[in-house]
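Data block below; observations after.
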Amino acid sequence: MMGILDKYDESIKLTYNYAYRILVHLKNIIDNFSNIKNPDDITMEVYRDSIIKKYETLEDLTWKLLSKIYKSSGLEINNPRGCYKQAFKEGLINDIEIWNDILLSRNSKSHIYDEQDYEEIKNKIISDYTGAIEDLLSNLSKVVM
């Protein structure tokens, strides 16, 4: 039985490390995007799409990391909303409203065909979501590492 728990610990640490690397990549993309002087439309679109895609990967890893952590302690939560609610209950997440917005954006993103809405999600990623995920990963580092 202990071997199974060891595998959970290893899997949790690997997922945490991967999520943290994706966060660093996302922040680098955002920084580079912010430092571009007079970008053309194609450059803006490439950076926007890159920010959104990295963010999607990071958000997916984040809730799956929480799910693994809860599963290792005997709590079976297999969806993002449940993972975020539990993290809020445990004090790992400070502002549940941002996480509700993250879920709303996550679910609506695949049905957006308007450039303005796509831009709005990118701006929320930059202004709110990245910081919220960074805070959660910081809190999780105390649990995971």
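What translational diffusion coefficient, in µm²/s and rounded to a whole number, does the Stokes-Einstein relation yield for the chain at 20 °C and a viscosity of 1.002 mPa s, taking the hydrodynamic radius as the Kirkwood radius over Cα pairs?
Values: Rh = 16.1 Å.
For these conditions, the coefficient is 133 µm²/s.
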| query | Going out from 0 in 5 Å bins, what whole percent of all Cα-Cα distances in region 36-109 drops into each bin? | reply | 3, 14, 21, 20, 14, 10, 7, 6, 4, 1, 0
| the chain: relative contact order in percent, alpha carbon pairs under 8 Å with at least 6 residues between | 30
| query | Which of the GluC sites (Glu not before Pro) across region 29-101 are loop residues per DSSP, with 12 or fewer other Cβ within 10 Å? | reply | GLU76
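Every number here is computed from the coordinates shown, using simple stated rules; none is lab data. Note that the structure is predicted; figures quoted are calculated from it, not measured. Cβ sites come from the backbone with ideal geometry, for glycine too, and all protein chains shown count toward neighbours.
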